[in-house]
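**Q** First the structure, which I've put down as structure tokens, then a few questions once you've had a look.
No lab work stands behind these numbers, since they all come straight from the coordinates. Here the structure is a predicted model, which is why all the values come from computation and not from measurement. Methodologically, a virtual Cβ is constructed for each residue, glycine included, from the backbone with ideal geometry; neighbour enumeration extends over all protein chains shown.
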Amino acid sequence: MEAKCSPATLLLLLSSSLWMLLLLLQAPSMVSCHEEMKSIYVGQQVLPMRIGRPAFGPESLAFDHRGGGPYTGVSNGRVLRWRGARRGWAEFAHNYKHATVAECAAKKKLVVPESACGRPLGLQFHRASGDLYFADAYLGLMRVGRRGGLARAVATEAGGAPLNFVNGVDIDQETGHVYFTDSSAAYQRSDYMMIILTGDATGRLLRYDPSTGNATVLASGLAFPNGVALSADGSHVVVAETASCRLLRHWLRGPRAGSTEPFADLPGYPDNVRRDDGRGGYWVALNRDKSWAADGTTPRSVAAVRVRAEDGAAAEALRGLGNATVSEVLEREGALWLGSVDTPYVGLFRISEL
């Protein structure tokens, strides 16, 4: 039976040392969902694009206005760019701490706490300007020009409250508005398990307007809002609410503008959300599926799902990735690029069709 999306179950997924204790606390199962999903079995077909030590955890992925990349943020606070198999990864952007905090200097090559040097999570390019925006979990919403270098914070507060755990990012390419999430007002990323354990629902969905430099609150009272994706027509954004195992839809235009509603029930705990490559849906990465607590990792474990934009139904499931967690799936030109907050590589899975 499918496990319920509950605080106890998610904490179990994040902390294996509490496995037996929290399994006993697991609540009854929710309604079974998505059995009709088409399965895509990855197996050993993922090509790892390894990141140089000590950095790891390429959480999110983006391509620039010329198709270069992907770009990704890693655990030592930097944003890297992929330059091809022969040249590998190179630094594209950094924050002020890499010049002012000794242990964050590039030459140190130390493993340091994320909070010491910053932690880029979601990222996206504004194609017209070439600017890269990314969510630094500790420093705020950041921006760097098309040539890279020093990234600066463009938003550190909204609605009179500081940003505390900036997470997902997407951009309206027409207006330049940046949509992003602040996962909790009470806990930072270093204490993210406490968001679940305490039932915290202080997360927010926000919008940054580069023409005014202001960040406004679109929705509040969210339970661990994570990834965010703008709809193809720009009428709404889809937000992953990790603690509730679901997607939300926040309307930007039309008669329901300003309202937030449930959009999709998911078979696991969502991280980032990205529109698919023109097929009318969204790829939703799952940190773990709900059955992991009882069954562990199996060949049928779901690492991500593609949901349909019209009704939120899960159409396809990505399976067979073993113990590797997935934080983002980016579909591009017949391939799936896989990000993970835990691995020392970006995964590339080439497909002929889905």
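**Q** Kindly list the residues of segment 224-240 that lie in the label zone of E261, defined by a backbone N under 19 Å from the point 7 Å along the Cα-to-C-beta vector.
**A** Under 19 Å, as judged by backbone N against the label point of E261, lie 229-240 of segment 224-240.
**Q** Does anything in segment 52-94 have its amide N under 17 Å from the 7 Å Cα→Cβ label point of E333, and if so which residues?
**A** Within reach of a label on E333: 61-72, 81-88.
**Q** On a straight-distance basis, which lysines could pair with K107 in a cross-link, Cα separation under 28 angstrom, same-chain partners fewer than 8 positions away excluded?
**A** K97
**Q** Right, something else. Between V112 and R350, what is 0.36 nm times their sequence separation minus the Cα-Cα distance? Round to one decimal in nm.
**A** The V112-R350 span can extend by a further 82.3 nm.
**Q** Same structure, new question: At a temperature of 4 °C and a viscosity of 1.567 mPa s, determine how fast segment 232-279 diffuses translationally according to Stokes-Einstein, using the Kirkwood radius over alpha-carbon pairs as Rh; express D in µm²/s, rounded to the nearest whole number.
**A** 113
**Q** Evaluate the relative contact order of segment 233-354 (contact order divided by residue number), counting alpha-carbon pairs under 8 angstrom at least 6 apart; express in whole percent.
**A** 17
**Q** Here is a further query. Under a Cβ-Cβ cut-off of 9 Å, what is the net charge of the residues other than E331 that fall near it, where Lys and Arg count +1 and Asp and Glu count -1?
**A** So the surrounding residues net to +2.
**Q** With each pseudo-label sitting 7 Å past Cα toward Cβ, what's the A324-A161 distance in nm, one decimal?
**A** Result for the modelled spin labels: 3.7 nm.
**Q** What are the ³J(HN,Hα) values, in whole Hz, obtained from phi via the Karplus relation 6.51 cos²θ - 1.76 cosθ + 1.60 with θ = phi - 60°, for each residue of segment 45-54 in sequence order, with x given for Gly and Pro?
**A** Rounded to whole hertz, the list is 8, 7, 8, x, 9, 6, 9, x, 5, x.
**Q** On to the next question. If you take every residue apart from L163 with its C-beta less than 9 Å away from the C-beta of L163, what net charge results, scoring Lys and Arg +1 and Asp and Glu -1?
**A** Charge balance near L163 sits at -1.
**Q** Further question on the same structure: Please give the net charge around C104, taking every other residue with its beta carbon less than 15 angstrom from that of C104, where Lys and Arg add +1 and Asp and Glu add -1.
**A** Spelling it out: positives minus negatives among the neighbours equals +2.
**Q** Apply the a/c threshold of 1.5 to the C-alpha gyration tensor of segment 59-162 and tell me whether it is rounded, prolate or oblate.
**A** Cα axes put segment 59-162 in the oblate bin.
**Q** Here is a follow-up. Any lysines with Cα under 22 Å of the K290 Cα? List them, leaving off those in the same chain fewer than 8 positions away.
**A** Within reach: K4, K38.
**Q** Please sort 85-95, 123-133 by packing, taking for each peptide the average over its residues of neighbouring beta carbons within 10 angstrom, highest first.
**A** Result, highest mean first: 123-133, 85-95.
**Q** On to the next question. Testing the spin-label approximation: label points 7 Å from Cα along Cα→Cβ at E91 and E174. State their distance in nm.
**A** Placing both labels 7 Å along Cα→Cβ, they lie 4.0 nm apart.
**Q** What is the distance, in nm, between label points placed 7 Å from the Cα along the Cα-to-Cβ direction at D233 and at T198?
**A** Using points 7 Å along Cα→Cβ, the separation is 4.1 nm.
**Q** Let me ask something else. Which of K290, K107, K38 moves most in a GNM of the chain, Cα contacts under 10 Å?
**A** So, out of K290, K107, K38, the one fluctuating most is K107.
**Q** Most fluctuating residue of R300, R143, R256 in a GNM of the chain with Cα springs under 10 Å: which is it?
**A** Fluctuation is largest for R256.
**Q** Would you compute, from DSSP H runs of 4+ residues alone, the mean residue ellipticity of the chain at 222 nm, taking -39500 (n - 2.57) per run and dividing by the full residue count, rounded to the nearest 500?
**A** After summing the helix terms and dividing by residue count, I get -2000 deg cm²/dmol.
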